[in-house]
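Read the structure below first, then the notes.
Just so you know, all these numbers are worked out from the coordinates, no wet-lab data involved. All of these numbers come straight from a predicted model, not from anything done at the bench. Don't worry about glycine lacking a Cβ; one is built from the backbone with ideal geometry, like all the others, and counts go over all protein chains shown.
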Amino acid sequence: MIGQVLIIVVIGLVAAGLVAPGEALMWWRSGRLDERLIHWPSLEEAFGRPGEESGDPIPADLPAEQDHYLVYLSGIGISSPAELPVIEIPMVERLTDRIGDTRVIWQIYPYSAANTALTQGRRLSRLWQVLARWKFEKTRLRWMAFLINLRNSFQIFVSSDRRYGPVFNLAIAEQIAAALIRNGYRPEHRHPVTLLGWSGGAQIAAGTAWYLAALGMPVRVMSMAGIMSSDPGLDRACQIWHLRGDHDKVQSLGALFSAGRWPIFRGSSWNRARREGRLRVIRIGPLKHAGKRGYFSCEPILPDSRQPCETTADAIVGVLVEAGLARDNARPDNPD
């Protein structure tokens, strides 16, 4: 019995890997065959929705333009651009309240070329809806919700693949550009944009940096315990920060499986950025990837009397303030 289950699991994994690039290729075939350069979307395009859904109405007044934009790209637990995983919401809210002169944008599903939720407009939408619900229910089948994480993990491989990655990353870059326009970004002013990728989202941040930089904006990549490759997009990033906990072995998978990050490949995008001083690896304390003492955790209290989530937020804000991109609203010496 166990052997049969393992065979089914292996077959499922192989099948999932084979179809993983499908969405990106379908997006490409649906109207992008002769248009290879990224462009800033119009307001109508920026407020349009993918698929057959009607677009959002264009507001009379867009949000006020900010000096800096922080785009948060969630980890593999996300299933919709409209809803973050529960554990990540307090962190995004904390950053939104604390970072001054910056607008935080998070309404992006970085594992879909069309920014389409798993739970809407797909053939298997009902299945994904059930799995998303099981994440919060006490059921024997709750473990199957991990299929959402597994599905998104394959999209990380697509992003880092030299064959399919350029198509996938272009699609996500267009979604990020549209989100920036919806949040008041003025392309002609070229205000800086920082892509903050949590875990697998860091690979998407690195991949999209190439295309977003082509729009003329100064792009920076911040990896929050990111599992990322030596993506060519790093060549166009003004700065790359890789934040990691001392006890986080999961983020090390990127360095293990991406040969471009090995020291012997000196000409890779990753190692070239390190030599040029554009890439910094920053240890932020005794944190693990998930669970207690994870980046989003409130417990246990660390030796410096901070919660793990406070340590994470302090590190993110500190990097942005040091780079001259933002203010820390929590500091009493900040001017009103």
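Applying 0.36 nm per residue to the separation of Ser252 and Thr139 and subtracting their alpha-carbon distance, the gain on full extension is 37.5 nm. Exposed loop sites, defined as trypsin sites (Lys or Arg not before Pro) outside DSSP H, G, I, E and B with at most 12 other Cβ atoms within 10 Å, are absent from the longest region of the chain, namely 37-122. Choose one answer from Thr312, Thr96, Thr194: the residue with the largest mean-square fluctuation in a GNM of the chain with alpha-carbon springs under 10 Å. It is Thr96.
Springs between Cα atoms under 10 Å define the GNM used for the chain, and in it the highest mean-square fluctuation of Gly75, Gly277, Gly201 occurs at Gly277. Computed from backbone phi, the HN-Hα couplings of segment 255-264 come to 5, 6, 9, 9, 4, x, 8, 6, x, 6 Hz, rounded to whole numbers (Karplus: 6.51 cos²θ - 1.76 cosθ + 1.60, θ = phi - 60°; Gly and Pro given as x).
Relative to one another, the C-alpha centroids of segment 77-109 and segment 123-180 are positioned 17 Å apart.
Exposed loop GluC sites (Glu not before Pro) only (DSSP loop, at most 12 other Cβ atoms within 10 Å): please give the longest stretch of the chain free of them, not including the sites. Can you show the working numbers first?
Values: sites that count: Glu35, Glu52, Glu53, Glu137, Glu276.
With GluC sites (Glu not before Pro) excluded where exposed in loops, the chain gives 138-275 as its longest stretch.
Spin-label pair Phe146-Ala323: with each label point 7 Å from Cα along the Cα-Cβ axis, the two points sit 3.4 nm from one another. Here the Karplus relation 6.51 cos²θ - 1.76 cosθ + 1.60, evaluated at θ = phi - 60°, turns the backbone of segment 181-193 into coupling constants of 4, 5, 9, x, 5, 9, x, 5, 8, 6, 5, x, 10 Hz, with x for every Gly and Pro.
Sequentially through segment 118-126, phi angles give Karplus couplings (6.51, -1.76, 1.60; θ = phi - 60°) of 4, 8, 9, x, 10, 4, 9, 4, 5 Hz, Gly and Pro residues having no value and appearing as x.
For His242, the residues whose modelled amide H falls within less than 5 Å of its own, excluding neighbours fewer than 5 places apart on the same chain, are Ser223, Arg280, Val281, Ile282. Note on the chain: GNM, Cα springs under 10 Å; of Thr116, Thr102, Thr139, the largest mean-square fluctuation is that of Thr139. Counted over the chain, the DSSP beta bridges are approximately 10% antiparallel.
Contour minus end-to-end for Val130 and Ile264, with contour as 0.36 nm per residue of separation and end-to-end as the Cα-Cα distance?
Numbers: separation 134, 0.36 × 134 = 48.24 nm, distance 4.59 nm.
The Val130-Ile264 span can extend by a further 43.6 nm.
Separation of segment 198-257 and segment 284-303, taken as the distance between their Cα centroids, equals 21 angstrom. For segment 76-198, the residue among Leu141, Ile156, Ala117 whose Cα projects farthest onto the positive side of the dipole built from Cβ charges is Leu141.
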